[in-house]
1. Of the residues in segment 18-38, how many are open to solvent by 90 Å² or more (accessible area, probe 1.4 Å) and either under 13 Å from the mean Cα position of the chain (by Cα) or at pLDDT 85 or above (or both)?
2. Taking Val54, is it β-branched (Val, Ile, Thr), modelled with pLDDT of 90 or more and out of contact with any His (no Cβ under 7 Å at 6 or more places or on another chain)?
3. Of all residues in segment 42-70, count the ones that are aromatic (Phe, Trp, Tyr) and open to solvent by less than 90 Å² (accessible area, probe 1.4 Å).
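The values are calculated or read from the model by the stated rules, or taken from the named source; none is laboratory data. Everything numeric in this text was worked out from a predicted model, so none of it was measured. Every residue, glycine as well, gets a Cβ built from its backbone with ideal geometry; the counts of neighbours run over all protein chains shown. Keep in mind that these areas ignore ligands, DNA and RNA; they rest on the heavy atoms of the full protein, side chains included. Shrake-Rupley method; radii C 1.70, N 1.55, O 1.52, S 1.80 Å.
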Amino acid sequence: MRYIKYGFLAILAILLVTITMANRQVVTLSLLPGDMASFSGLNFAVELPLFLVVMLGIVGGLLIGFVWEW
């Protein structure tokens, strides 16, 4: 049973590394859309790799779900 667990974790790690390497382009995350940001004066934006945005979204969703169920 332990070998099945390690095999599954190895496949999962390979999958995550593959997704990471395929999505390295930089994207811009803005707090507000362009027109609304210029109107309100809140022009906060950050540039991050796409895989980081996706992984942070997954982790954030898991944390919210864990807290919600707790």
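1. Total meeting the criteria: 5.
2. No, not satisfied.
3. Within segment 42-70, residues that are aromatic (Phe, Trp, Tyr) and open to solvent by less than 90 Å² (accessible area, probe 1.4 Å) number 1.
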